[in-house]
Each structure stands twice: as C-alpha cells, then as structure tokens.
There are 4 protein chains.
Amino acid sequence: MAMVCLSDFEAYAKKYLPKIAWDYFAAGADDCTTRDENILAYKRIRFRPRMLRDVSVMDIRTKILGSEISFPVGIAPTGFHQLAWPDGEKSTARAARAMNTCYIASTYSTCTLEEISAAAPGGLRWFQLYIHRNRAASQQLVQRAEALGFQGLVLTADLPYTGKRRDDVRNGFRLPPHMKVKNLERAFEVCKMSPSFHSLRWHYGLPPNSLDPSVTWNDIYWLRSLTRLPIIIKGILTREDAELAVRHGVQGIIVSNHGGRQLDEGPATIDALVEVVEAVRGRVEVYVDGGIRKGSDVLKALALGAKCVFIGRPALWGLAYKGEEGLQDVLRILQDEFRLSMALAG
Amino acid sequence: MAMVCLSDFEAYAKKYLPKIAWDYFAAGADDCTTRDENILAYKRIRFRPRMLRDVSVMDIRTKILGSEISFPVGIAPTGFHQLAWPDGEKSTARAARAMNTCYIASTYSTCTLEEISAAAPGGLRWFQLYIHRNRAASQQLVQRAEALGFQGLVLTADLPYTGKRRDDVRNGFRLPPHMKVKNLERAFEVCKMSPSFHSLRWHYGLPPNSLDPSVTWNDIYWLRSLTRLPIIIKGILTREDAELAVRHGVQGIIVSNHGGRQLDEGPATIDALVEVVEAVRGRVEVYVDGGIRKGSDVLKALALGAKCVFIGRPALWGLAYKGEEGLQDVLRILQDEFRLSMALAG
Amino acid sequence: MAMVCLSDFEAYAKKYLPKIAWDYFAAGADDCTTRDENILAYKRIRFRPRMLRDVSVMDIRTKILGSEISFPVGIAPTGFHQLAWPDGEKSTARAARAMNTCYIASTYSTCTLEEISAAAPGGLRWFQLYIHRNRAASQQLVQRAEALGFQGLVLTADLPYTGKRRDDVRNGFRLPPHMKVKNLERAFEVCKMSPSFHSLRWHYGLPPNSLDPSVTWNDIYWLRSLTRLPIIIKGILTREDAELAVRHGVQGIIVSNHGGRQLDEGPATIDALVEVVEAVRGRVEVYVDGGIRKGSDVLKALALGAKCVFIGRPALWGLAYKGEEGLQDVLRILQDEFRLSMALAG
Amino acid sequence: MAMVCLSDFEAYAKKYLPKIAWDYFAAGADDCTTRDENILAYKRIRFRPRMLRDVSVMDIRTKILGSEISFPVGIAPTGFHQLAWPDGEKSTARAARAMNTCYIASTYSTCTLEEISAAAPGGLRWFQLYIHRNRAASQQLVQRAEALGFQGLVLTADLPYTGKRRDDVRNGFRLPPHMKVKNLERAFEVCKMSPSFHSLRWHYGLPPNSLDPSVTWNDIYWLRSLTRLPIIIKGILTREDAELAVRHGVQGIIVSNHGGRQLDEGPATIDALVEVVEAVRGRVEVYVDGGIRKGSDVLKALALGAKCVFIGRPALWGLAYKGEEGLQDVLRILQDEFRLSMALAG
C-alpha cells in the first residue's frame, strides 16, 4: 500500500493498532463534534491563489522562540507513545530531530524525560506539563526537564478534569501492565484518593483526581519562579484568555482544544486562532494544533497568523506505521505538500 | 453493555420495549422535523471555553419556585409510564426523590396521583394539567393534586387537539387493556362523543375529543380561582405568548414544543428560549424541555437563561432500562456530565 | 397498509404504476433540482405557534374568483390521468366535486372536456390551455370549455418547449396506443412537422413542436377576445412577470414552475410566492402549486399570501391508489391536516 | 444505453476506460474539494425565469477574438487524448470542426501539432502552452503553432509544479510505452535533472521538473516577442491577477482552476468568474472552464459575463464513448440543452 497522504497512515493505524489503543488515540469528548470540527473548519477556508510569481526557490524554514526548525510543523504533546510503537517517545524524539523540528514531550510519556533526551541528543524539545495536586511532583518534573536541555515549558490549561471520552469508558481503558507513566512513578505515594465523578472513573494508571482543578492564572507566576524556560500556554480558545495569557507573561500560546478530547462543542482551533491572533497583536508567538491533515492546512494556519502548527494524531499514526521512520514519512509528506501549496497559491 | 451516555439508554429502550410502546414514546408529529430539530439546535450552539479558573469546588444546586433541587434537571411530564416499566409513575417518583429533583406528573399517568404521592412521600412534585371539556373533572384533579402536596400546577397550552403522529396512527396505538389513565377514570361518563377528524382517530382509551380546544388565556384566571398552587404554563414558544403569560399572572414558563409531537416545523425549544427569556426580563422563572441529551446541553440552556431544564424521553429510557434505578442512572450521568462541562467551560 | 399521509400514496403509486407512467409523473427537468426544491423550501419555513386561542370552531372554506370551495386546496392541471386510473379525468372530476373543490382540467387530458363535464355536472372546474401553432385549435378549445360551464381559463406560460426530462427520453415515453390526447384529435392535420431539437424528440402522440413558442403577453388580449371567462396565468415566478400579468388584465396568477419539469434550477414556488404577492399588492388573486405534501404546507402558503394552493402529483397518486375514492382520501387527509395545523398554530 | 445527458458519457467512460486512464482524467488535487466545488457552485446559482417572450427564433452563435463559433462552448486543453481514443487529438480536432467550435490543443497532446492540423484543416484552433525550463523548446512550439494556423496562444499560469493527485501517485501513472508527448520529443536532451519533491515523483514520461516555476508576468512580454498570435492567459481566479493580466496586454482570460487538479480548496471557477469580469470591465474577453455539465450551466456562465465556456472532462468522455462521433454527441447535447434553457428562461 502506498502511503500518499496522511489519511493513508490513519487507515493503517486503524487497521493494525489494537482496538483499545486506536480508540484511545482517536477519542473525542462526548459526540466528537469538536474533534471533527477541527478538520471541517479547515475545509471551509478558501485560498485566493495568485499566479505567475517566481516560485522556483522557496524558504520554508521558520523560528519558534528563537530556534530554527526546517518547516513550521512540530509534534504536539500526546501521551503513551508505546501504545503505538514499542520504542515509544524515543522514536518520536529521533524522528523530530531527523526532520529538524520541535517535539513537545508529554507529562504522560511512557519513556522518562531522561530516556527521551538520550535517544536524540541535541534535538529541539519542549516539555508539556500538567499541574498535579502534589505540587512537589510537578516542580521536580519542570526542573528535570530544564536540566535535560528542554527549551520550553508547555502548560496545558484545558484539563482540570479529563474529558468524557465514551469509548475509553466503554473499553475500561488503562495502560497495559508493562507500560507506565514513567515520569510520575513514585510521585504519588502521598496523594490521597479523592472521590471521583460517578460515571467517569478512568485514570490511566494514575491515582484518580491527581490533577489539580484549582489551578488559576496565578500559578503561572509559581511556574515562572521554578524555571528560566519560556512558558507556553496550551489550550487557549478566546480573545479574553489570550489577553490574560499575555498579561501573565507567557512567551507563547498554543490555540488548542486538546484534539476535541475535553469540552465538546467549543470552537474549531483554526476558527479560534483568528480571534487569538487579533487579541495578541504580535506580543507573543501564537501556534495552533488540531485538524492539520494536509500541507495546505499548514499554509492556511500560517496565513491566519500562526507561527507554527503542531500535529497530534498524525504523528501517532506515523509511529504506528513504522516508528521513527513512519513519523518521518508523515512529516516529509506534510513538508512536500506545504511547499507545493505555497507554490501553487503564489 | 456499559451505559455511558443517554444514547445508550435510548438504544436499550428501542431494542427491548414493545415496538408499539417505543413508537409512541419516540413519535414526533408529521415528518418529525421539530422533534429532531430540538436536538440539532443544541449542536449548533458553541461554547467559548475559559481556562485556568479554580473549578475544584462547584455548587450545582438550584431553586425552582423556591424549592431546592440537587441540580437543574427535572422530569418533564410524559404519559403512560407503565408502558416503560411495570411500576410506572411510582418508580419515576422514587427516582426523582432519590436524586432530589422535581418530577412533573402527567394527567395521563397510569398511576393515580395518590399512588404517586404514596410511593415517594416528601418528594418535590408538580402536577401537569390538561383542561377537559368536562371542567368538573379538571377542577377535581387540581384539587386532588393540591391536597396531596404537589407544589406546582403545570398547564399544558399546546394540545387543543393531539398532533398527528403517523406511527401511532399506523399502529392503531391504544393503551393495553390492563393499563388505564387512572386519574380520569369515571370522569367522563357525561362527556358526549364529538365528531373527530376523519383520519386522526386515536384517543388512548379516553373519549375522543375530551380535551377542550376552546381554552384561552382567561382560563388561567379560572385555574387561579381553584388553587393556591403556583401556575406554570408549558408550551410557550414566542415572545408574544411569553408576555401574555406574564400578564396573566403565571409563576413560571416552560418553553416546550411537546417534544415535537404537536405542530411540526415550529422552532426548536433552545432557539425559542432565547426570545422568551428576553421578553420575560426576569419577571417569572423560565424553564425549557426538549432535546436535552448531554450535560453540556443543560449548561447551554442555563447559559441562555433557563433556570432549570426538564427531560422527557430520556427519563422514559431510564425507566425502560431498570425502572427507578435506571432513571437514577440517567439523572446521575446528566449530573456528572453537567458538572464536568461546567468545569471544562470554566 | 394504512394510508396515513400523502407519502403513503406516493409509495403506493411508485410500487403499482407501470414504471414508464410513474417516471412520467415523477419526472423533473435535468437534475430534478427544482422539483425537489419545491418540497425542501417548505421545510425551511418555520411556524411561530401561538397558544391558548379558542380553536374549537374553525372555518376553512374560502372563495376563489368568487366561487366557494370547502378548503383552500384545488387540483392542478396534469396530463394523462388514464395512465393512473382507467377512468382518467372523469374520476378526478368526480372526486373534486365530492370534496367541493376546484379541478383544473388539462389540455392534455385523456378524456374530452365533454366527458369530464358529464362525469360530474355542477362541479367547479377551470380549463388549462396551451396555445398551439394552430390557433384555430386553441380557439375551439376555449370556446368548448366556456360552453361546457368551465368557470376559468388557465393559460400555462412556462412551456414554449417541453423541458428535458431525462427518464422520459430514456423510456421513449409515449402514450399507450389505446389512450389519446382526446381534446386535440383531428386538430392537427394541417400542422406541419417542424425540425425538433436533436436530442429532445418526444411528443406524447402529438405532432412535434405543435406548441407555439412565439406566444407573448399580447396573446392575452387575443384570449380575452375569445372568451368572457376569467383568465388565470400559470407559471409566474418573478415580480416583474407578476406586474406584467396584472397590467395585461389577468384575474389570477398561479405561481408555478410546472412541478420542476421545465427550467431546472429556478426558484422553489413557495419562495417565488413571496415576491409575487408583494408585487401584486392584492390586485388579483395569487395561488401556488408545487411541493404541497402536508396540511401544514397549505397553511404556510396561505400565511405567505396565497389564496389557495393546487396539488399536482399527490392527486395522481390518489388516482393511482383507488381512482375517485383515492383522490378523495388524499384531499381529506390534506383537509384534516390543514385544520389541525391551524388549530395547533393558533 | 441511451446517451441523454453528459453524466451518461461519464458513466460510460468510467466503466470502459482502463482504471489508470479514468483515474488520470478524473483526478483532482488532494481531497478533490475544488474539483467537486466547480460543479456544486453551478447548482447554487438560481435562474429567475421570465415568461411569454417570443422564443421561436434564437441565435446562439457567438464570436471569440473575432472568430465565429456555432455556440459558446469550446474544447478546453487537456492532455493525452490517446488514453481516451486511439486517434487521440486528431478525433478531437475533427469533432470540433464538425461542430464549428474552437479546440484548444494541449502542449501535452499525444499527436503532433502537425497531425492535429492535418486532421481537420480549416478548423478554429488555439494552442495551449506550458513554459519549460528549456525556453528554446517553448519558443519552437509557439512558432510551429503559429505557422500551422493556430489562431490563439493560451498560456497556462497555474502549473509551476504539478498538483498532487493522489490516485495518480498510487497508480504510478505514466503514459503507456506506445504513447508519447509528441510535441516535446527530442526537446529535452539538454535539460538537467533537478531534485524533485520527495513524495511527488511523477512526470508522465517527461524529465521531472522540466516546467519552469520561475515564470512571472514579465514572461508575457517574452511570449509577445515570439508571436503575433493573441495571447490568452488561463488559470486566473482573482481580481488582482485579472488586472495584472489586462495590464500585461493579454487578449483574453480563461478563469480556470485546472479542473481542480492544482491547488485544492481555492474558489469554484463560476464564483471566481464574477470578480474577474468585474475587474476586467470589458477590456478583454473572459472565458471560463470547470464544472460545465449541462446547457443551463453555459447559460449561467454567460449571464455572469463569460463570452464562452470550455469543457474539459466531458470532451474526454465523449472521445472515450465513440471518438470524434462521441465528442460531437456531447457537444450537440450541450447545444440543445443550452438552446432549450435560453427558451425556458425567457
């Protein structure tokens, strides 16, 4: 089977991954409306192609927070890469470095930050953080990441509680016994069990309710006190929150709805991008994730003000196909399509 | 089979209820456009989720006409609960009390008001009234309800005649012989048979045309003279009627299109809610029913000005699943989803 | 099988009519877009239902050009009723009289005007006219109709040539040998064969191109000179043509697109009705046909300014079901649904 | 099987062409959104039909750049006609001449310009040009075309690189060995291989990257210096480029998105036509291709300002059906439908 576009990787992953893993990666909250809207919204945006421009030479490199990447597509933070490929996040790190782009490693990795670093020394990486009730655990993570050379800290703002993903509940999704949320091992001995929502008991091998739902904007100051890394906030969807983010001193904003896995029936990210970019007025860099399936989607996001996009599920499909090599294929296809779209749009 | 969301209960009911009962509960008028629009209209409404607010503690209790309920979802009046579960409305009453919410018992119950009261003493209940040509029968019902401790009188305004529900006509729907519209037994000896519409002869074991199609706003004054209960009017869909309702002294308005079972191709209730809330300007409480399928729907209705929502068919699905227990499951899922939506929407 | 709504008659006709006859009745021009739009456009119109009005007594009679009919639904002119039922237009005339409504007999009837008249003496009937190249034939028809007591002359304006109905071309549609366009027998001996469109050769047993494509507004004056009958023009879709119709002295306008059988991708009739009514400003009566499938459609058309609607295909389905009796069933269902819609809409 | 409308020819071609050839002709870029939009956009445009005009005589001839054609539909440039019919472009030339219309021969013909000319002497033909890196090859082509009596030079502006047509990549599409891009044989010995896009290696038997992506508006002047033929630019979709085209002295503009084969998710051509016509203000002739499937589409394009339309895929379907004769059938059906639409629209 020829792998011609990202949908081919999706079809492959759906066919070959264990159902429970596929369902977990594919899941959206509730009716999956927002998950699907992320994609549909791109299709509603139309180009106005211009002709007869010299497109024989195109430079598609860009810089994010001062670091150059080979083209404006990075790897969004997603959890549990070992569900897709035995080497897990180590393969992801290698593929990102090979393609000279940025990889945002998730708190919920199945490899430790140390393993990820060692797998691809010198690669550009940011670390994605959830703030736990056990603040000491979070602090330790941030400091480990900084010490390991991660160059940005991505705070996920849209997960005070985990969204309701019906298939995960039906499947009773949990990590298989041989996989672990390795970065958090031994961090939660002191964490008391809190009563969880009646019908929403799933927690991926973590203590239930270990995330702290009382996090507010002031906790940005706390994070700032822990690290010299630039702080990027992920999960902003409104101009009001974009303004708050800038005022609280973040260096970057990722417009994101967590792949449609948290609150269903909010805006598509590409639609939200427009108002966020407008509110930010260039004061910090703005990125977007969710719904990127073609190189022309990248071009649309950039045309609407994003500095760079991040891909979530497509990266996992690439891993599921052939690990490091499969993810490189995905990135390379996006790169080719992006360059071609630029040329054809003039 | 895991019961994860309300659609699971719907699928269960469709599978296990006798076809004629399922069809009766599911029926919409004519092409079922309005029935389906009630649901689709919710999906067109988008959240603007806000981040980094402290959502560790949320109070979801509310008060309707002064009575506290555990969360803003009550049971709308629907008929013939014994079609769904042998204990009928007695189970409904117990589940509502267990979940500490309000149950609006229908005139067309298959248990008497006395049986309903006795099944769950102390529960918050309103009584739904149709005005019959035999006014004495209606008066008697109101006074029985008040004497039994019902705390509100809900006048249904949208049923001068029964809507045309094609499947019921095809099925020749009637109550099975062992079920009765018990509240009205012996009330109609004196009611003369009137000529009915040629193609619309169905009457559920009641004399045809026993409902009074000449009821007008002035009959609110007549009702007022019969009882000290607050009067809530159900079936309002326009600002003009909302204004009339307030002027005629009702205490509450339920925006409703009878689940799409009366006039087809009117507005979805969540759309009508907006203009009713605007017209009412806080002078009386406004509620809405129709199309609630997820906790986030409840949040949308509240955000648009409803004080509380009522569920019709989902309550019947819960009954059909496991009687009192099944209805509690439905309410609990809605409660959890509602709380989660509030947290994720900030 | 219970006949509950008009779609049931459609399903019956589709199942039991010969394919070639069904295709002929069902046909729309080209892609059938306008044929289907006629129906879809009704569904886009929403009621604003009002409550608590005394709807115990409703008078649904109306007058068209001074003649009372039992409710505002007449029979639109359609051809070849013997394809649907052996007695053809005689059954149609009887059913219309039985229901006390108006029947517009088509030039392309398979019974003579004399047979139609004799079948239901005293019924309210109008005669629909195509103007042929052989003007003497048309003149003769008008004068026969007037002499037979027809009370209106309906000039079809939208058929200078027959629209392209693909299935008719594929089927090589022609009247079976035992049926004839009886009103025109012997009228065309003198009519020369003209060259027809290459790919559009079908003519229903008439000489090809016997219709006159050079008819203009001035021919209304010619018609006026032939008869004292009121002239109703059928096929108007724009305000400009509505103004011309009034200025040329017609007594009525039927907003029609010939059931979507002529120019495809023009407006739905219910949409066109609005601008025609606005342009006419009450100077003549305005009617509409096309897309009426439920009593609530009739109510919508009246609410938008039509004095009466006419049904085409549904009448044929009724005939196909049980001749005169089947057509009465169709009319009675529409009548009941119309009355119920009025009651429920307040 | 009766060939009644263009879709019949499409169905025939899909059934009888080798899959790889069908796929090549049918292909759109990426998700084929623009390819399909070209058609859907026509369906969104509605006529306002006028009645009672004398439509007995209609003149459908027109002139393009001074040459009369029998009706405003020409043959757009498409490649590789031998894939559809053994005689290839020779049949196309003969059919166009027989129908007295214009045929734009493609650079990528499988017959030489000389063969095309000899097949149908005296026919009205334009020559479509891609500019190659090897400018001498392009110059030679232009001069051969002029010498052979071609009367217009059509410069394609939207193909600096070939769009990504997934099926062609999957199929590894190449011309079969016995077919050649004959006009370019021996032109490319000196052309160096340039690195091509990783995942986009297909080149139809030409050296990869032989097209020159550095072409700009100034190259119009270069073309002008080579020939006295009028220059028509093909691929314009915006008012800005239309203005540039006029300023650079072209004689005509073909609004085109290359049948949706280049940049996906740009505008439908009939939508772009409106803004181009507005910008051009009559200074040069404007044509349109893409999505024409019925005679009424031609009428819409003309009503929106096009002087003439060109058909691409439908011409290939006609060839695939019966070569020269099949293409004439296609043109004749369009002609009949166009004339009928004009009559019915008044």
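So for chain C: antiparallel DSSP bridges make up what percent, rounded to the nearest 5?
Working: 4 of 29 bridges.
Bridges in chain C that DSSP calls antiparallel: roughly 15 percent.
Please report, in debye to the nearest 20, how large the charge dipole of the protein assembly as shown is about its Cα centre when each Lys and Arg carries +1 at its beta carbon and each Asp and Glu carries -1 there.
120 debye
Can you compute 3J(HN,Hα) from phi for each residue in segment A:153-159, using the Karplus curve 6.51 cos²θ - 1.76 cosθ + 1.60 with θ = phi - 60°, rounded to whole Hz and x for Gly and Pro?
Those phi angles translate into 10, 9, 8, 7, 9, 10, 10 Hz.
From the Cα gyration tensor of segment D:1-53, with a ≥ b ≥ c the square roots of its eigenvalues, which class applies: rounded if a/c is under 1.5, or else prolate if a/b is larger than b/c, or else oblate? Each step should come with its number before you reach the end.
Working: a/c = 5.71, a/b = 1.54, b/c = 3.70.
Note, shape of segment D:1-53 comes out oblate.
Between the label point of B:Ala136 and that of the same position in each other copy, find the distances and list them shortest first in nm, with every label point placed 7 Å from Cα along the Cα-to-C-beta direction.
Label point to label point, same position, other copies: 8.1, 8.1, 11.4 nm.
Near the amide H of A:Val73, under 5 Å away, which other amide H atoms are found, from residues 5 or more places off or on another chain, if H is placed in the peptide plane?
A:Val309
Comparing B:Ala119, B:Ala136, B:Ala27, which has the greatest mean-square fluctuation in the GNM of chain B with Cα pairs linked when under 10 Å apart?
With Cα springs under 10 Å in chain B, the top fluctuation among B:Ala119, B:Ala136, B:Ala27 is at B:Ala136.
Residue separation times 0.36 nm, minus the C-alpha to C-alpha distance between A:Val274 and A:Ser70: what's the value? Mind showing how you got there, number by number?
Numbers: separation 204, 0.36 × 204 = 73.44 nm, distance 2.46 nm.
The A:Val274-A:Ser70 span can extend by a further 71.0 nm.
Could you tell me whether the protein assembly as shown comes out rounded, prolate or oblate from its Cα gyration tensor? Rule is a ≥ b ≥ c as square roots of the eigenvalues, rounded for a/c under 1.5, then prolate if a/b exceeds b/c, otherwise oblate. Numbers along the way, then the final one.
Numbers: a/c = 2.34, a/b = 1.00, b/c = 2.34.
Because a/c hits 1.5 or more and a/b fails to exceed b/c, the protein assembly as shown counts as oblate.
Can you list the residues, at least 5 places off or on another chain, whose amide H is less than 5 Å from the amide H of B:Ala268, using H built in the peptide plane?
none
In Å², rounded to the nearest 100, what is the total accessible surface buried by chains A and D against each other with a 1.4 Å probe? Intermediate results must be reported in sequence, preceding the final value.
Numbers: alone 15230 and 15210 Å², together 27270 Å².
In total, this chain pair buries about 3200 Å².
Determine the shielding of peptide B:120-128 by partner chains: average, over its residues, the number of Cβ atoms on other chains within 10 angstrom of each Cβ. Please report the intermediate quantities before stating the final value.
Working: counts 0, 0, 0, 0, 0, 0, 0, 0, 0.
Mean partner-chain Cβ count within 10 Å for B:120-128: 0.
Given a Förster radius of 60 Å and the C-beta distance between B:Arg48 and D:Arg281 as r, what FRET efficiency does 1/(1 + (r/R0)^6) yield to the nearest 0.05?
Details: r = 44 Å, r/R0 = 0.73.
Once the sixth-power term is evaluated, E becomes 0.85.
Using the Cα centre as the reference, give the magnitude of the dipole from point charges on the C-beta atoms of segment A:1-73 (Lys, Arg: +1; Asp, Glu: -1; all else neutral), rounded to the nearest 20 debye.
That gives a dipole near 340 debye.
How big is the antiparallel share of DSSP beta bridges in the protein assembly as shown, given as a percent to the nearest 5? Don't skip to the answer; put the middle values down first.
On the way: 16 of 116 bridges.
Beta bridges within the protein assembly as shown, antiparallel portion: roughly 15 percent.
Select from C:Phe310, C:Phe173, C:Phe47 the residue whose mean-square fluctuation is largest in a Gaussian network model of chain C (Cα-Cα springs shorter than 10 Å).
Its mean-square fluctuation being the largest, the pick is C:Phe47.
When Cβ neighbours within 10 Å are restricted to other protein chains, what is their mean count per residue of peptide C:55-62?
Working: counts 6, 9, 2, 1, 0, 0, 0, 0.
So the per-residue partner count for this stretch is 2.
Leaving out ligands and nucleic acids, note down the accessible area per residue over segment A:271-322 with a 1.4 angstrom probe, in whole Å². List each step's numbers first, then the result.
Values: 1430 Å² over 52 residues.
Here the per-residue accessible area is 28 Å².
I want to check the label-to-label distance for B:Glu325 and D:Ala2. Put each point 7 Å from Cα in the C-beta direction and report it in nm to one decimal.
Here the answer is 6.5 nm between the modelled labels.
Ignore the peptide's own chain and count Cβ atoms of other chains within 10 Å of each Cβ in B:256-265; give me the average, rounded.
On the way: counts 0, 3, 1, 0, 0, 0, 5, 11, 7, 14.
Shielding by partners across B:256-265 averages 4.
Quick test of the membrane-span-like rule: which DSSP H helices of chain C reach at least 20 Å along their long axis (C-alpha atoms) with mean Kyte hydropathy at least -0.5? Don't skip to the end; give the middle numbers.
On the way: long enough: C:313-345 (32 Å, -0.02).
Once both thresholds are applied, what remains is C:313-345.
Taking only DSSP H segments of four or more residues, each worth -39500 (n - 2.57), what value at 222 nm results for chain D once the sum is divided by all its residues, to the nearest 500 deg cm²/dmol?
-12000 deg cm²/dmol
Given a Förster distance of 45 Å, report the FRET efficiency between B:Ala118 and B:Leu40 from their Cβ-Cβ distance, rounded to the nearest 0.05. Please report the intermediate quantities before stating the final value.
Details: r = 41 Å, r/R0 = 0.90.
Computed FRET efficiency for B:Ala118 and B:Leu40: 0.65.
Starting with the highest mean, order B:56-63, A:2-9 by the number of other Cβ atoms within 10 Å, averaged over the residues of each peptide. Display every interim value, and only then the final one.
Numbers: B:56-63: 12.1, A:2-9: 19.4.
Top of the packing list down: A:2-9, B:56-63.
Considering only protein heavy atoms and a 1.4 Å probe, what is the carbon-and-sulfur percentage of the accessible area of segment D:107-170?
On the way: 880 of 1830 Å².
Its accessible area is 48 percent carbon and sulfur atoms.
Comparing the chain by itself with all protein chains present, which residues of segment C:20-45 are at least 50 Å² less accessible (probe 1.4 Å)?
C:Lys43
With all protein chains present, how much of the accessible area of segment D:204-346 (probe radius 1.4 Å) comes from carbon and sulfur, to the nearest whole percent?
Ligands and nucleic acids excluded, carbon and sulfur reach 49 percent.
Among A:Lys43/A:Lys322; B:Lys234/C:Lys43; D:Lys90/D:Lys322; A:Lys63/A:Lys307; A:Lys14/D:Lys164, which pairs are too far apart, with a Cα-Cα distance over 18 Å? Walk me through the intermediate numbers first.
On the way: A:Lys43/A:Lys322 29 Å; B:Lys234/C:Lys43 25 Å; D:Lys90/D:Lys322 13 Å; A:Lys63/A:Lys307 8 Å; A:Lys14/D:Lys164 24 Å.
Exceeds cut-off: A:Lys43/A:Lys322; B:Lys234/C:Lys43; A:Lys14/D:Lys164.
Cα centroids of segment A:93-123 and segment B:11-33: how far apart, whole angstrom?
For segment A:93-123 versus segment B:11-33, the Cα centre distance is 54 Å.
By Cβ position, which chain A residue lies least far from the axis that rotates chain A onto chain C, and what is the distance to the nearest whole angstrom?
Axis relating chain A to chain C; nearest Cβ residue and distance: A:Arg44, 11.
Work from the charge dipole of chain A (Cβ charges, +1 for Lys and Arg, -1 for Asp and Glu, about the Cα centre) and give the residue of A:Val181, A:Met99, A:Val286 farthest towards its positive end.
A:Met99
When the Kirkwood radius is taken over all Cα pairs of chain B, what Stokes-Einstein diffusion coefficient follows at 37 °C and 0.692 mPa s, in µm²/s? Write out the running numbers ahead of the final one.
On the way: Rh = 20.2 Å.
Value of D from the Cα-based Kirkwood radius: 162 µm²/s.
What gaps in nm, shortest first, separate B:Ser70 from its twins in the other copies when you place the label 7 Å past Cα toward the beta carbon?
The answer, with the shortest distance listed first, is 5.7, 5.8, 8.1 nm.
Using θ = phi - 60° and the Karplus form 6.51 cos²θ - 1.76 cosθ + 1.60, what ³J(HN,Hα) does each residue of segment A:60-71 get, whole Hz, x for Gly and Pro?
Result, rounded to whole Hz: 9, 5, 8, 10, 10, 6, x, 9, 7, 10, 6, 6.
Would you mind working out the magnitude of the charge dipole of chain C relative to its Cα centre, with +1 at each Lys and Arg C-beta and -1 at each Asp and Glu C-beta, to the nearest 20 Debye? Numbers along the way, then the final one.
Details: 45 positive and 38 negative charges, 28 e Å.
Charge dipole of chain C: 140 debye, to the nearest 20.
For segment B:18-60, what does the accessible surface come to per residue with a 1.4 Å probe? Please give it in Å².
Details: 1890 Å² over 43 residues.
On a per-residue basis, segment B:18-60 sits at 44 Å².
First measure r as the distance between the Cβ atoms of C:His178 and C:Val57, then evaluate 1/(1 + (r/R0)^6) with R0 = 41 Å and state the FRET efficiency to the nearest 0.05.
Working: r = 50 Å, r/R0 = 1.21.
That gives a FRET efficiency of 0.25.
Pull up all non-local amide H partners of C:Val154: gap of 5 or more, or a different chain, and H-to-H distance under 5 Å with H placed in the peptide plane.
C:Phe127, C:Gln128, C:Leu129, C:Ile232
Lys and Arg at +1, Asp and Glu at -1: add these up for the other residues within a Cβ distance under 14 Å of A:Asp167 and post the number. Display every interim value, and only then the final one.
On the way: positive: A:Lys14, A:Lys19, A:Arg35, A:Lys164, A:Arg165, A:Arg166, A:Arg170, A:Arg174, A:Arg261; negative: A:Asp23, A:Asp30, A:Asp31, A:Asp168, A:Asp264, B:Asp8.
Local net charge: +3.
Sort shortest first the distances from B:Gly172 to its counterpart in every other copy, using label points 7 Å along the Cα-to-beta-carbon line, and give them in nm.
Nearest to farthest, the other copies are at 4.8, 4.8, 6.8 nm.
For segment A:1-118, what does the alpha-carbon gyration tensor say about shape, rounded, prolate or oblate, given a ≥ b ≥ c as the root eigenvalues, a/c under 1.5 as rounded, and a/b over b/c as prolate?
Working: a/c = 1.91, a/b = 1.23, b/c = 1.55.
Verdict is oblate for segment A:1-118.
The values are calculated or read from the model by the stated rules, or taken from the named source; none is laboratory data. Since we're looking at a predicted model, the values are computed, not measured. Every residue, glycine as well, gets a Cβ built from its backbone with ideal geometry; the counts of neighbours run over all protein chains shown. Each accessible area value is taken on the protein alone, full model and side chains, heavy atoms only, with ligands, DNA and RNA left out. Shrake-Rupley method; radii C 1.70, N 1.55, O 1.52, S 1.80 Å.
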